[in-house]
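Only one structure is covered here, and it is reproduced in the block below.
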Amino acid sequence: MSVINGQKADATTFNSAFGSKQDDNTFQGKQTLARVGSGSTITDAQQAINDVIASDALKIPLAQKGVANGVATLGSDGKVPSVQLPSYVDDVIEVADFASLPPTGETGKIYVTLDTNYSYRWSGSVYVFIGRPIATTDDLVEGSTNKYFTDGRARIAVITQVITNGVTDRSPSEDAVFDALALKLNTSDFGSSFNSSLATKTTDNVTEGLTNKYFTDGRAQTATISQVITNGVTTKAPSEDAVFDALALKFDSSSFNGSFDTRLATKTTDNVAEGTTNKYFTDGRAQTAVISSSITNGVTDKAPSSDAVFDALALKQDGIQFKDDGSNLGTAGTVTEIDFVGPGVTAARVGNAVSVTINATGTGGGWAAYSNLAVTNLSTISIVPATGQAKWLIQASTSAGAMLLATPFGATPPTGDGSMIRLVGNSDDNWVEVQNADVANGVILNGGPARLHKFHILDLMWEATHQRYIEVNRNF
């Protein structure tokens, strides 16, 4: 606003009266006004114009605002825009999210995404995450020593399920206190309740202590009766037997010398008390000194007990096993003789030793050998000894191997119970396999299927009662 003739005038009125103001403070088209301080006399209007001119001289040209070597402007928020601030003043730049970051960042500045509050720096090619502000403990990962508070941790540190005397840094749980109180009587009820209960009890209801023990005849006797007579002992009395024995050893002093030998001749070791070193013989002491419950190699001053020998023998397999089929041994009497009978068996006595010889060859005495018995897959063996023993060197007809049928020895069984068959593998490649078969004339194997390669031996025995071949030995 300007003043004309003492009144305020707007720009339109002013320009109408004086014309437009030029850069040299003159008004084009109207008149030239004297500058303030020129020494010329001016009117009120002229003074008003001079005031305007002086005021304009204090204003900043628009061309100098928001540019280099000019002045900074204010934004709509009343603050200087960040683009007009030096980098050391505005090192932190906030953006809405990661996608809002400038395509090319500026080295030395920190960029903050407001949606996550994460901080980044420009590496020269990409934005590198450098962390986020720590506002609360929720922003810190829990360490292994200084852990965060939880109700559970507080309970574990403070609450215990037992009530222990002397523990001052823990408190029992409500349940532990409740259970403990449930075992207690109210103090007002204790006297009458205790007296009522005590009236029904006797010393039989009180457990004997370690110090105040109950009376027994045995304890009284142990505490007062001694089996010896000892000079100076005033708290015990000798037993009748001790007194009797002591008096029996006494003689009148006048007759002692003459009667000692006579009396000694009537005595035995039963009349002399056993010492601590030279002890009397007893079966128990002899057994303890001589008999051992184990059999130990190298021990020569003790003998094993019958039980120890029996147990040891029970773990051993007899060189010759005897089979009782119940037909001729009977159940009564003592067996005093075992006879070895059959072809090829001889026995001879030399003193108390009996030597038994089983002939290695001959009918029924040894293995009647049959060489290289070749079998095809799922075939049978029809050659069966009537009695005694037979042996085959057996192999498959082809290198693919062969498997015998469940009844590999034909339909006709041996006539002799205990007849033996030995199958000997004769080829590593042309193996023969015998499988378990619990059928008539079948084979009962103890160790699963028997695959015979070279030098593998399988011994089978005919068991007439069950009509089965039973495995008695294999070397593989």
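The values are calculated or read from the model by the stated rules, or taken from the named source; none is laboratory data. The structure displayed is predicted, hence computed values, not measured ones. FYI the Cβ positions are ideal-geometry reconstructions off the backbone, even for glycines, and counts take in every protein chain you see.
Only one of Lys236, Lys184 is of a type in the set (Lys, Arg) and surrounded by 10 or more Cβ atoms within 10 Å (Cβ to Cβ). Can you tell me which? First the steps, then the outcome.
Details: Lys184 fails: surrounded by 10 or more Cβ atoms within 10 Å (Cβ to Cβ).
The unique qualifying residue is Lys236.
Name the pairs: first residue in region 125-147 and hydroxyl-bearing (Ser, Thr, Tyr), second residue modelled with pLDDT of 80 or more, Cβ to Cβ under 9 Å, at least 6 apart or on different chains?
That search, which allows pairs on different chains as well, returns Tyr127/Phe98; Tyr127/Leu101; Tyr127/Gly105; Tyr127/Tyr111; Tyr127/Tyr120; Tyr127/Arg121; Thr137/Tyr148.
Say whether the condition of being β-branched (Val, Ile, Thr) and under 30 Å from Asp91 (Cβ atoms) is met by at least one residue in region 140-159. Show your work before the answer.
Within region 140-159, the subset β-branched (Val, Ile, Thr) is 141, 145, 150, 156, 158-159.
Imposing the further condition that a residue be under 30 Å from Asp91 (Cβ atoms) reduces the set to 141.
For region 140-159, residues β-branched (Val, Ile, Thr) and under 30 Å from Asp91 (Cβ atoms): present.
Ile225 is checked against (1) surrounded by fewer than 11 Cβ atoms within 10 Å (Cβ to Cβ); (2) closer than 30 Å to Ala242 by Cα and fails just one. What number does that condition carry?
Among (1) surrounded by fewer than 11 Cβ atoms within 10 Å (Cβ to Cβ); (2) closer than 30 Å to Ala242 by Cα, the lone unmet condition for Ile225 is (1).
For (1) among the acidic types (Asp, Glu); (2) out of contact with any Ser or Thr (no Cβ under 8 Å at 6 or more places or on another chain); (3) surrounded by 13 or more Cβ atoms within 10 Å (Cβ to Cβ), each residue gets a yes or a no:
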position	(1), (2), (3)
Lys59	no, yes, no
Ala63	no, yes, no
Leu74	no, yes, no
Val80	no, no, yes
Ile93	no, no, yes
Asp97	yes, no, no
Thr104	no, yes, no
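Quick one: Gly131 ticks every box in (1) within 30 Å of Ser82 (Cβ to Cβ); (2) touching a helix residue (DSSP H, G or I) at 6+ places or on another chain (Cβ under 7 Å); (3) not aliphatic (A, V, I, L, M) bar one, so which box is it?
It fails just one condition, (2).
For the condition surrounded by 10 or more Cβ atoms within 10 Å (Cβ to Cβ) and closer than 30 Å to Glu274 by Cβ, what is the one hit in Arg219, Arg170? Before you say what the answer is, go through the steps one by one.
Numbers: Arg170 fails: closer than 30 Å to Glu274 by Cβ.
Answer to the selection: Arg219.
So which residues in region 418-450 are aliphatic (A, V, I, L, M) and more than 49 Å from the chain's Cα centre (by Cα)?
If we filter region 418-450 for residues that are aliphatic (A, V, I, L, M), which is where we start, we get 420-421, 423-424, 432, 434, 437, 439-440, 443-445, 450.
Of everything in region 418-450, those that are aliphatic (A, V, I, L, M) and more than 49 Å from the chain's Cα centre (by Cα) turn out to be Met420, Ile421, Leu423, Val424, Ala440.
Those residues that are loosely packed, with under 11 Cβ neighbours inside 10 Å and at pLDDT below 85, I need them from region 239-251; list them, please.
Within region 239-251, Leu247, Ala248, Leu249, Lys250 qualify.
Please identify the pairs in which a residue from region 180-208 that is under 26 Å from Thr164 (Cα atoms) and among the small types (Gly, Ala, Ser) has its Cβ atom under 9 Å from the Cβ atom of a residue that is part of a loop (DSSP other than H, G, I, E, B) and modelled with pLDDT of 75 or more, counting only partners at least 6 apart or on another chain.
Ala180/Ile163
Filter region 119-149 for residues that are surrounded by 10 or more Cβ atoms within 10 Å (Cβ to Cβ), modelled with pLDDT of 90 or more and among the hydroxyl-bearing types (Ser, Thr, Tyr); which is farthest from the chain's Cα centre (by Cα)?
Here the answer is Ser123.
For region 220-229, does any single residue satisfy the condition of being touching a strand residue (DSSP E or B) at 6+ places or on another chain (Cβ under 8 Å) and of a type in the set (Ser, Thr, Tyr)?
First, the residues of region 220-229 that are touching a strand residue (DSSP E or B) at 6+ places or on another chain (Cβ under 8 Å): 224-229.
Okay, now just the ones that are also of a type in the set (Ser, Thr, Tyr), so 224, 226.
Looking through region 220-229, at least one residue is touching a strand residue (DSSP E or B) at 6+ places or on another chain (Cβ under 8 Å) and of a type in the set (Ser, Thr, Tyr).
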